[in-house]
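To start, the structure itself, in structure tokens.
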Amino acid sequence: MRKKISIIGAGNVGSTAAHWIMAKELADVVLVDVVEGVPQGKALDLRQALPIERSDVRITGTNDYGETANSDIVIITAGIPRKPGMSRDDLLHTNFKIMTDVVKNVVAYSPESILIVVSNPLDAMVQAAYKLSGFNRERVIGMAGILDSARFRAFISRELDVSVENVTAFVLGGHGDTMVPLPRYSTVAGIPITELMDKATIDRLVQRTRDGGAEIVKHLKTGSAYYAPSAAVAEMVEAILKDKKKIVPCAAYLEGEYGINGLFIGVPCKLGSNGIEKIIEIKLTPEEQAALQKSADSVKELVGVIGV
Ligand SMILES: NC(=O)c1ccc[n+]([C@@H]2O[C@H](COP(=O)([O-])OP(=O)(O)OC[C@H]3O[C@@H](n4cnc5c(N)ncnc54)[C@H](O)[C@@H]3O)[C@@H](O)[C@H]2O)c1
């Protein structure tokens, strides 16, 4: 039997995630939104693309959580996105209210599911989902690191004029201005980028990665990035459903790893059919550890405001 995925929030990220999942024929998809007609219309449109894509999954759009019952994975993208000049943190109170409502419904209908949280401010929202759901930490995962490292990889590949397939990148920390890209673990065909570019060039690419989301918001004026974010979600879904044991950066609840306790932060995780099957700890330099701690402190401040 095919696996079932529900996507809460049929906006830009949610519906585009449905598109990637459908195109890769990964699972049946239920799109849910509070706005009447939107999930139904988008699901119908996607369904009509199935014959062209040669994909036999089922796609449903609804305002009723009953249809999400017994989902294997639930992706939460409900919430408002940023407008120009706004930080992700400005979304905190509105999206926390939405998250509270969404998680209550998700848990009632899919108590065994794995949650992938996308809504911003990401680290605080995934912490809220973890606390509100009561799920164990293996089953609550935040999407940010794959996106942030994909942005870094895209910039590195353009700078060096090499295939994106040759480039791996490593990004730790929160999904925000304090994210911690690690150049010495970022490679081109196995060669650290520190051997291939001078420090000024790397610093420029790191800064562009940190500002990657804001640069797009500034162009779009309304709404924020969604193609790369939803592609990152699809990569997580594939790793879980195919039990790939794939190591990717995700926001995970730390219980002492990296010297951080009781907080979601971006770290390398092994994703498989049980969700986060292992958190990979690597040795950081004192400067990298300090940058990660600074990132954790800013997440802690946010979760303190909403009391989760
Ligand atoms: N983690 C990341 O890296 C990342 C990347 C991109 C976007 N985001 C975040 O993802 C969220 C969604 O972004 P988007 O561009 O898809 O926004 P969007 O406005 O296009 O879509 C959000 C959808 O959520 C729906 N919604 C609102 N309240 C709801 C509720 N209570 N129940 C169900 N649905 C509800 C809205 O009707 C809307 O359709 C934003 O918070 C954005 O900041 C995170």
Checklist outcome for this item: In whole angstrom, largest first, the equivalent ellipsoid semi-axes that the Cα gyration tensor gives for the chain are 30, 22, 19
Item to check | Three-way shape call for region 124-172 based on the alpha-carbon gyration tensor, with the a/c threshold at 1.5 | outcome: prolate
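With 10 angstrom as the radius, rank THR100, THR222 by how many other C-beta atoms surround their C-beta, starting from the fewest. The partial results should precede the final answer.
On the way: THR100 14, THR222 9.
Least crowded to most crowded, the residues run THR222, THR100.
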Checklist entry - Using alpha-carbon positions, what is the distance between the centroids of region 195-225 and region 1-43, in Å? => result 29
Checklist entry - For region 170-224, what ratio Rg/Rh do Cα atoms give with a Kirkwood hydrodynamic radius? => result 1.06
Item to check | Shape of region 90-148, Cα gyration tensor, a/c cut at 1.5 | outcome: oblate
Checklist entry - What fraction of the DSSP beta bridges in region 108-260 is antiparallel, stated in percent and rounded to the nearest 5? => result 70
Checklist outcome for this item: Note to self, the chain gives a 222 nm [θ] from helices alone (DSSP H runs n ≥ 4, -39500 (n - 2.57) apiece, / all residues, nearest 500) of -14000 deg cm²/dmol
Checklist outcome for this item: Computed over region 144-237, the relative contact order (Cα-Cα under 8 Å, seq sep at least six) in percent reads 26
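So what is the relative contact order of region 244-308, in percent, for Cα pairs below 8 Å that sit 6 or more residues apart? Numbers along the way, then the final one.
Working: 84 pairs, mean separation 17.7, N = 65.
This gives 27 percent for region 244-308.
For region 1-73, rounded, prolate or oblate, judged on the Cα gyration tensor with a ≥ b ≥ c (square roots of eigenvalues), a/c < 1.5 rounded, else prolate if a/b > b/c? Mind showing how you got there, number by number?
Values: a/c = 1.78, a/b = 1.22, b/c = 1.46.
Oblate, because a/c is 1.5 or more while a/b does not exceed b/c.
Can you compute the charge dipole magnitude of the chain about its Cα centre, using +1 on each Lys and Arg Cβ and -1 on each Asp and Glu Cβ, nothing else charged? Give it in debye, rounded to the nearest 20.
Details: 35 positive and 37 negative charges, 33 e Å.
The calculated dipole for the chain is roughly 160 debye.
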Checklist outcome for this item: Relative contact order of the chain (C-alpha contacts under 8 Å, at least 6 apart) in percent is 17
Next on the checklist: Nearest 10 degrees is fine. How inclined is helix 286-306 to the longest principal axis of the chain, computing both from alpha carbons?
Outcome noted: 30
Checklist outcome for this item: Surpassing 31 Å at the alpha-carbon level, of the pairs LYS83/LYS278; LYS218/LYS294; LYS221/LYS244; LYS4/LYS245; LYS83/LYS270, are LYS83/LYS278; LYS221/LYS244; LYS83/LYS270
Checklist outcome for this item: Filtered hits (aspartates and glutamates, Cα-Cα < 17 Å from LYS300, offset >= 8 within chain) -> ASP89, ASP90, ASP123, ASP177, GLU255, GLU257
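No value in this document is a laboratory result; all are computed from the given coordinates. Every value quoted in this text rests on a predicted model; they were computed, and no experiment measured them. Cβ sites come from the backbone with ideal geometry, for glycine too, and all protein chains shown count toward neighbours.
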